[in-house]
Amino acid sequence: MDAIMELDEFKSAWQALDRRLELDNRLRLHDLRERTLHKTRGNLRPLYWGQVAQTLFGLIFILLAGLLWMSHPAHASTIVAGVLVHAYGVLTIIGAGVVISVIGKVDHARPVLDIQKQLLRIRTLYIRSGMVAGLPWWFLWIAILQVLAGLGDVDLLAKAPSLVWSGYGIGIAGLLATWWFHRWARRPERGEFGRKMDDSLTGGSLRKALAQLEELKRFEQE
């Protein structure tokens, strides 16, 4: 009888210890999750402010185009250049605004996998926003020169046609070369190189946030 009672007491003590260990693991996991998500939110701030800076950057070109429209340009080539500069400013702001909007919608209360999916979407939109802001510079520089000349009522195409046409020619060649390199880097046999290139296009703060969430997910699964 005493042996049975001792066995029951042992089982009760073991169950109590098991519950304490389970509670302790839950508390540790909760603490790790809170610390990790706090770091994740902190790592998203530079990305957010980077997009704010891109918005202000785009605004500069809208203002430059606005000055051109206020001067009532008479030359068709100058007007076309002004449209390009204006469109660039608008698209740059839209690209940044979309990224800012998605960052604001990240729900850190959701499961880690869901947060990872949200950050991966931010990553895709961030890369696209960067492409919108960066790739047009292959030819945008010559459009800006035309606009600046147009502010002084000078038709740069008429005054220096070789400069303008060679500038746009270089731009088209540069865009084609970039497109070719993009496809070349993503061929299956260069998978590792393509991943490294994608990482280089992703903001460092966003890479850190994704790495932290991946580590947290592994810990939760253990």
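Roughly how many whole Å is it from the C-alpha centroid of the range 121-179 to that of the range 33-94?
15
Can you pull out the trypsin sites (Lys or Arg not before Pro) in the range 66-174 whose DSSP state is coil and whose Cβ has at most 13 other Cβ atoms within 10 Å?
LYS105
Give the calculated FRET efficiency between LEU176 and PHE57 to the nearest 0.05, with a Förster radius of 22 Å applied to their Cβ-Cβ distance.
That gives a FRET efficiency of 0.30.
Laboratory data are not the source of any read-out in this text; all were calculated from the coordinates shown. Since this is a predicted model, take the numbers as computed values, not measurements. FYI the Cβ positions are ideal-geometry reconstructions off the backbone, even for glycines, and counts take in every protein chain you see.
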